[in-house]
Amino acid sequence: MINYIGRRSLIIFIMLAFIVTFLTTPAISEEKKQPPPTSEVKKQPPKTLQVSGKRYNIETSRKMTKIDDVDGHYVAISESKGVDCKTGVQTFTTAISDTIKGNGTFFGYFKGVMADGGTYFGKSEGKITTVLSPSGKPVTSGEGTWIVTDFKMAGKNYVGEGTFRNRVIGPGVSSMQYKGEFTLKK
């Protein structure tokens, strides 16, 4: 059984590595875009920007502490790395969860690194839910809100907020769907 789980985890990890490589590597035949002539008027960045997408995350560390007040009570701190399927933005997250038998709350902080080297920072919070599948295996998911406190685009500062849903798809691997809006900082 342990050997099967190990192979399955390895296969999931290799598949995610291929997905990340495919989505973040430009096509060889892709031509470089020419910059617009300098006589053109530059467009101003939008006052609001709608965002949505999907991200895959791989947990890089987890420390769990059992709390002996009730059966199944754990507090955990975890770190993960992720990549956005549409934009290639890489994320680095640190989160703290408080669960009883796989159900509870979490909060965390994240940093996003864009392809041009720009960064943004934010925080998230929400709830964790674990249910048994028809075959009796636990299925863990989460949902919550996110806030980006500092994001710079085209020389302007933005703040953002939105919602997300995630689901554990394998040991240490999760997928997340998100949506929200960025607005120009006043």
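Of the trypsin sites (Lys or Arg not before Pro) found in the stretch 82-148, the ones in coil according to DSSP and having at most 15 other Cβ atoms within 10 Å of their Cβ are 86, 101.
Could you rank the peptides 134-141, 173-180 by their average count of other C-beta atoms within 10 Å per residue, with the highest value first?
The packing order, highest mean first, is 173-180, 134-141.
So what is the relative contact order for the stretch 45-125, in percent, with contacts set as C-alpha pairs under 8 Å and at least six apart?
Across the stretch 45-125, relative contact order equals 21 percent.
With the simple spin-label model, which puts each label point 7 Å out from Cα in the Cβ direction, the residue 77 to residue 163 separation comes to 3.1 nm. Summarising the amide proton neighbourhood of residue 169: residues at separation of 5 or more, or on other chains, whose placed amide H is nearer than 5 Å comprise 174, 175. Residues whose amide H lies under 5 Å from that of residue 151, counting only those 5 or more places away or on a different chain, are 158; hydrogens are built 1.01 Å from N in the peptide plane. Charging the Cβ of each Asp and Glu at -1 and of each Lys and Arg at +1, and nothing else, the dipole of the stretch 32-186 about its Cα centre rounds to 740 debye. Which is farthest toward the positive dipole end of the stretch 52-100 among 97, 85, 64, measuring Cα position about the Cα centre, with Cβ charges +1 (Lys, Arg) and -1 (Asp, Glu)? About the Cα centre, the residue reaching furthest to the positive side is 85.
Proximity of backbone amide H atoms, modeled 1.01 Å from N, is registered between residue 85 and 54, 55, 56 at under 5 Å, excluding neighbours fewer than 5 places apart on the same chain. Based on Cα atoms of the stretch 83-186, Rg over Rh with Rh as the Kirkwood radius reads 1.03.
Taking the 1.4 Å solvent-accessible surface of the stretch 38-186 as the whole, the part contributed by carbon and sulfur is 55%. Each Lys and Arg contributes +1 and each Asp and Glu -1, all at the Cβ; summed about the Cα centre of the stretch 92-165, the dipole is approximately 140 debye.
The values are calculated or read from the model by the stated rules, or taken from the named source; none is laboratory data. These figures come from a predicted structure and were not determined experimentally. Every residue, glycine among them, receives a Cβ derived from its backbone with ideal geometry; neighbour counts consider all protein chains shown. Just the protein is used for accessible areas: all its heavy atoms, side chains included, with ligands, DNA and RNA removed. Shrake-Rupley method; radii C 1.70, N 1.55, O 1.52, S 1.80 Å.
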